[in-house]
Structures are given as structure tokens and as C-alpha cells.
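Down below is the structure, laid out as C-alpha cells.
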Amino acid sequence: MVLSIDRWFGKVAIVTGASSGIGAATAEKLVGHGLQVVGIARRKDRLEALAKKLTGKKGKFHPMTGDVTKEQDILNVFDWTRKNLGPCQILINNAGIICNSAIIGGKTEDWLQTINVNVVALCTATREALKDMMDNNLEGHIININSIAGHYILPGPNLEIYTATKHCVTSLTESMRKEMGRLQKKIKFTSISPGVVATEILARAPSDLSIDISINLQAEDIADAIEYVLSTPPRVQIHELMIRPTGDQI
């Protein structure tokens, strides 16, 4: 198997949660390979700083301010992209939050926020990307940034809702893989499930989490994994990729 990301040169990728962490590292990686990358996030200053950093690379980073929990913001990003760059061929569903609100004594608004970011926004962006890919008969790739929490029940309190949303991502990725097969579409679906990654999301994790977060991956490690799955030839689909830091005991 020959690995090469060159076939995506000049193609359009959309990355959610692109202002920091895995999203920013992924955007930088793809722009370096010559892709047109549209990054959506709420923090305009972070996006603009990233765009400035990536000036002069083979590709280009296009910052788009938006809140993925607002459907219209997602629709606006895809509409702008279609009109200015062309159809989306790669979608990185990276935006995600951790819920520090348990079932026992938890707040409904916290649950809904987590479900909206981790599941509903992912579905909305996926729907719009598939529209581009299917309407234009394109080979495409949709990558969902999942978690080991999408496969196991993590130790520690207050993680029930977060874990449930990530199990949902696992199910959605598998369901869409089968749907693409049924429809005979050359569109890949990949779930990338990291262990603990040193990103800003850790600051919102429960303080009494029974996990050693000092043993962690870096955002660049996940960006490398994304590069890997995109580099596989059209006949190969890396459907699930689980990545753990060395020494992890979860």
C-alpha cells in the first residue's frame, strides 16, 4: 500500500473547532500539504492568528467565525465555501466538549450543550458535506474525532453524558460507513479515538477524574493520524483508529 496525501492537493477541507488543539494542528497539517482549509470556531482572534501563521504555505487557511451549536452558522460556512472555493471533499468533525454535569444532580442545560456540540453539530456538518460530495459525485472523506470514551466507560464521576455522546459518534460513524456501501458511494468514514490529549478540554474535566492526565498525547499526534488515514488509497478505509499514550492504563 502506497501512502500519499498528494491526491488531495488543492481540494477543500472543512475543520470544526479549528481555533486550538487538534483542530488547529490539523488545519496546519493540511494547509502544509496544499489544501484549501476552512476552519470554523467561535474565537475570531485565534482563527485570525492561525491564518497569519499559515500565510505562505502551499495551501491556504480560511477562518470562519461560527458556533457549531447554531445550525445557521454551519450552513453559512458551507454556503460560503461552495461559492468561493468549491465543494467540500474532506470534513474533520473535531469540535467537542466535555460535560462536567452528572445525571445525579446535573443540569439539563449542560447535557443539552454537550449533546448539541458532540452529536447534533457533527450530524449537521456531515449532512452538508455529504450533500457536496454526492451532488458532485466526488470521492470524499469524513473524519470524526471521537474518544476512547466512545468505546469504554471511563473511571470517575460526571462523565455519563460525555461518554454517551462519544458512543453515539462510534455508532454514527459505523452506520454511515454501511450507508455509503449501500448507496455505492466512494465516501470514507473514519472515527479517530484518542486517549487523553493535552488540549484545553482537559481544563473542563472533572477535578476528581480517576485518570492520570499527566500521561497524554499531543494535538500534533492526532493531526498525524488524520494525515495517515487521508493518505490511504481509495480502496482502503481506516474505519476506526484508536490511539493511546504510552504508559496509559485506562
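Per-residue answers, yes or no, for (1) in a helix (DSSP H, G or I); (2) at pLDDT 95 or above; (3) among the β-branched types (Val, Ile, Thr):
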position	(1), (2), (3)
Asn158	no, no, no
Ala164	yes, yes, no
Glu174	yes, yes, no
Arg177	yes, yes, no
Ser191	no, yes, no
Glu220	yes, yes, no
Thr246	no, no, yes
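Can you name the number of the only condition in (1) of a type outside the set (Gly, Ala, Ser); (2) farther than 24 Å from Glu179 by Cβ; (3) in contact with a Cys (Cβ under 9 Å, 6 or more places away or on another chain) that Ile115 fails?
The one condition Ile115 does not meet is (2).
Do you know which residues across the range 129-144 are over 14 Å from Thr190 (Cβ atoms) and of a type in the set (A, V, I, L, M, F, W, C)?
Within the range 129-144, Leu130, Met133, Met134, Leu138 qualify.
From the list Thr108, Thr124, pick out the single residue that is surrounded by fewer than 16 Cβ atoms within 10 Å (Cβ to Cβ) and either at pLDDT below 95 or hydroxyl-bearing (Ser, Thr, Tyr) (or both).
Result: Thr108 is the single residue among Thr108, Thr124 that is surrounded by fewer than 16 Cβ atoms within 10 Å (Cβ to Cβ) and either at pLDDT below 95 or hydroxyl-bearing (Ser, Thr, Tyr) (or both).
Of Thr26, Thr55, which residue is buried (at least 24 other Cβ atoms within 10 Å of the Cβ) and of a type in the set (Ser, Thr, Tyr)?
Thr26
Which ones in the range 150-166 are surrounded by 17 or more Cβ atoms within 10 Å (Cβ to Cβ) and of a type in the set (Val, Ile, Thr)?
Hits for the range 150-166 are Ile161, Thr163, Thr165.
Scan the range 152-159 and give yes if some residue there is closer than 24 Å to Gln184 by Cβ, free of Cβ contacts under 8 Å to residues at least 60 places away in the same chain and touching a Leu at 6+ places or on another chain (Cβ under 7 Å), otherwise no.
no
Which of the residues spanning the range 99-121 are touching a residue at least 40 places away in the same chain (Cβ under 8 Å) and hydrophobic (A, V, I, L, M, F, W, C)?
Cys99, Ala102, Ile103, Trp111, Ile115, Val117, Val119, Val120, Ala121
From the list Ala125, Ala102, exactly one residue is of a type in the set (A, V, I, L, M) and not in a helix (DSSP H, G or I). Which is it?
Residue meeting the stated conditions: Ala102.
Can you list the strands (runs of 3 or more DSSP E) found entirely within the range 23-98 that contain at least 2 residues being in contact (Cβ under 8 Å) with a residue 60 or more places away in the chain and under 15 Å from the mean Cα position of the chain (by Cα)?
Fully inside the range 23-98 and qualifying: 90-93.
The values are calculated or read from the model by the stated rules, or taken from the named source; none is laboratory data. All values reported here derive from a predicted model rather than from experimental measurement. Cβ: placed from backbone, ideal geometry, glycine included. Neighbour counts: every protein chain shown.
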